[in-house]
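Step one of this worksheet: look at the structure below.
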Amino acid sequence: MTHENVRYAVEDRVATITIDRPERRNAMTHAMNAEYGRLIREAGNDDAVHVLVVTGAGGSFCAGTDLSDLDEQSPEEREGTVTDRKPDIGWWALASCPKPTVCAVDGFAVGMGAEFTSHADIRILSTRARISWIFAQRGLVPDTGAGSWLLPRLIGVPRALELLYTGRFLLADEAREIGYAHDVVAPEDLADRTRELADAILRGSPFSHRLTKQLVYDGFSRSVEEHIPESFKALQACFRSEDHREGVRAFLEKREARFTGR
């Protein structure tokens with residue numbers, strides 16, 4: 001049973017998590033965060049899922065943490081949720097997911113919602129997307145750590161710091177211009193464009209995708225001297241995989257490959 005405000009569906013190897021609390025612009029409660037992280041881990045562990053999409057319902061992506069929910073916690077309780085945080089649970093679960101991940105962003109993505117967009121591998125925005133790391137205006141730093149770690153790596157330090165310092169809205173066209181958004185489409189085309197991208201990803205090997213994602217993210221903290229041997233190990237694992245054998249057979253037989261992720 002999933003949380004009523006966090007929906008989960010799998011169709012043709014694509015899992016979709018929909019944050020569904022439109023009356024609060026999909027602001028997250030503690031319970032929703034727990035379910036969000038659980039569902040991402042479920043998708044990551046499900047061999048039937050090859051791509052994970054995260055989106056929002058009702059014309060918004062996610063308006064961040066529900067401040068009324070947060071206001072009910074004491075400072076000590078709030079600190080406890082931070083000190084208990086680990087990279088592979090709800091706060092960082094999407095970045096830790098071994099599958100390719102896509103955020104389909106319509107409307108507001110604010111605070112934690114903006115952080116969630118950074119956690120994804122790829123972002124597709126609607127023309128009405130509005131992304132803001134508003135934390136400084138609430139006396140906070142980026143709450144999941146994505147704004148201070150991932151965002152500078154995605155768009156560069158000066159741009160990231162300007163967005164973090166001011167909390168201004170990053171609009172869709174600018175997001176595409178600076179490389180944060182892969183594509184920008186009309187709101188009514190967002191689902192179809194996201195599925196089109198997912199279908200393109202599905203043509204690749206899940207085994208290869210998993211190792212490629214691991215190499216890219218681990219490479220952030222390694223020197224090239226450390227990275228090359230790890231890349232070679234991954235390549236050796238690919239040579240031994242069923243997916244590699246299937247990819248070669250499909251090429252020789254002039255057909256689409258039927259990858260299993262093994």
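Values in this text are rule-based calculations from the coordinates and carry no lab data. As the structure is a computational prediction, the values presented were derived from the model and not from experiment. Positions of Cβ are generated from backbone atoms using ideal geometry, with glycine treated the same way; all protein chains shown enter the neighbour counts.
For the reader, a short list of remarks on this structure follows.
- For the chain, share of DSSP beta bridges that run antiparallel, in % to the nearest 5: 25
- Helical runs assigned H by DSSP (4 residues or longer) give the chain a calculated mean residue ellipticity at 222 nm of -13500 deg cm²/dmol, each run adding -39500 (n - 2.57) before division by the residue total.
- Order of Thr212, Thr65 under a 10 Å beta carbon neighbour criterion, fewest first: Thr212, Thr65
- Taking 0.36 nm per residue of separation and subtracting the current Cα-Cα distance, fully stretching the chain between Glu11 and Tyr165 would add 51.4 nm.
- Taken as Cα centroids, the range 239-262 and the range 130-162 sit 41 Å apart, rounded to the nearest whole angstrom.
- Identified option (computed mean projected area of the Cα convex hull in nm²; candidates [x] 13.0; [y] 15.0; [z] 17.3): [y]
- About the centre of its Cα atoms, the chain shows a dipole size close to 780 debye [charges on the beta carbon of Lys, Arg (+1) and Asp, Glu (-1) only; nearest 20 debye].
- When the chain is described by a simple charge dipole with +1 on each Lys and Arg Cβ and -1 on each Asp and Glu Cβ, the residue from Val6, Phe220, Ser132 located farthest towards its positive end is Phe220.
- Top positive-direction residue, dipole computed over the chain with Cβ charges, set Ala114, Leu202, Tyr36: Leu202
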